[in-house]
Amino acid sequence: METDPGDILQEAREACARKHYSLSLETYHWFFDNALKIKKSYYGVRLSYCLSEWADLGNVYPPALEELTLIKESSLKEFRNTKSHCQFHEYESICDALGCPEEPVKIFEEIHIKDKALAEKLFTYVYAELARQSKWEICREYMGNGYKQYKELLELFDACIDGGKRKGGKQGEGIIKSAINKTIEELLWILEMQSHANASKEMESTIEHIQHDFNKRGYTEIYRQVITKAPNKTLQRTSR
């Protein structure tokens, strides 16, 4: 019977809970190296839960942190050799788990100057950190008027809400709450980018879409929070 990578990940968690840190590290490492060879569907889990839990292990067991840092460096080297966007995603995810999200942004900015075609493929992985750093000129180049980003965000929101409802219970509620918070954050980023570009008509359209689309879905609080949290300069420009 084929090994289920999910069972191995659970073994890593249980070993950590029992303070068998060396075994936990070994098991997380096995999952990271082998999960996709068995089931491609573990792509997201490998770059999220596995890495974040591995980094948490490193807080109490330094060898785990050292090992993950080595993998980060190896992942970056492999990306430079292959230019694979999947390899960059791996590197970015490790940096995020280790609390250094600014590192892949620096790499992206180098590529942004030298190779726009490659940068376009990588933008989605650093978009959040670029927005947090208010690097709106760069965001504008790859987001255009923001409509595509808005459409993709709306589709992701629908998928997360549907998944949360199907899951049910506290876990489902957590998925829905996370989706709402993330959606509000990204909607504000889109408005910030448009505001920085003095695109008042685009902002007006985005705000109208937010009101219509989320009210229709029964999430009026998303529109209200966006309007409440949006910088005054954003709303002032739309009223001119």
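The values are calculated or read from the model by the stated rules, or taken from the named source; none is laboratory data. Because the structure is a prediction, the values reported are computed rather than measured. Neighbour counts are summed over all protein chains in view; Cβ atoms, including those assigned to glycine, are modelled from backbone coordinates with ideal geometry.
May I ask you to verify whether Arg18 is surrounded by fewer than 13 Cβ atoms within 10 Å (Cβ to Cβ), out of contact with any strand residue (DSSP E or B) (no Cβ under 8 Å at 6 or more places or on another chain) and either at pLDDT below 95 or of a type in the set (Lys, Arg) (or both)? Before you say what the answer is, go through the steps one by one.
Values: surrounded by fewer than 13 Cβ atoms within 10 Å (Cβ to Cβ): yes; out of contact with any strand residue (DSSP E or B) (no Cβ under 8 Å at 6 or more places or on another chain): yes; either at pLDDT below 95 or of a type in the set (Lys, Arg) (or both): yes.
Against the criterion (surrounded by fewer than 13 Cβ atoms within 10 Å (Cβ to Cβ), out of contact with any strand residue (DSSP E or B) (no Cβ under 8 Å at 6 or more places or on another chain) and either at pLDDT below 95 or of a type in the set (Lys, Arg) (or both)), Arg18 qualifies.
Starting from residues that are of a type in the set (A, V, I, L, M) and outside any helix (DSSP H, G or I), keep the ones in region 182-211 and report whichever is nearest to Ser134 (Cα to Cα).
Step by step, filter region 182-211, then rank; the result is Ala197.
Restricting to region 132-182, name every residue that is under 25 Å from Thr220 (Cβ atoms) and among the hydroxyl-bearing types (Ser, Thr, Tyr).
Tyr147, Tyr150, Ser178
Scan region 133-152 for residues that are surrounded by 17 or more Cβ atoms within 10 Å (Cβ to Cβ) and either among the aromatic types (Phe, Trp, Tyr) or in contact with a Leu (Cβ under 7 Å, 6 or more places away or on another chain) (or both) and jot them down.
Within region 133-152, Trp136, Ile138, Cys139, Tyr142, Tyr150 qualify.
Looking at region 54-67, can you tell me whether even one residue there is buried (at least 18 other Cβ atoms within 10 Å of the Cβ) and within 13 Å of the chain's Cα centre (by Cα)?
No: zero hits.
Which of the residues spanning region 111-129 are closer than 19 Å to Lys148 by Cβ and over 20 Å from the mean Cα position of the chain (by Cα)?
Within region 111-129, Lys116, Ala117 qualify.
Check Ser74 against each of (1) part of a helix (DSSP H, G or I); (2) free of Cβ contacts under 8 Å to residues at least 40 places away in the same chain; (3) over 30 Å from Lys135 (Cα atoms); (4) not acidic (Asp, Glu) and name the one condition it does not meet.
(3)
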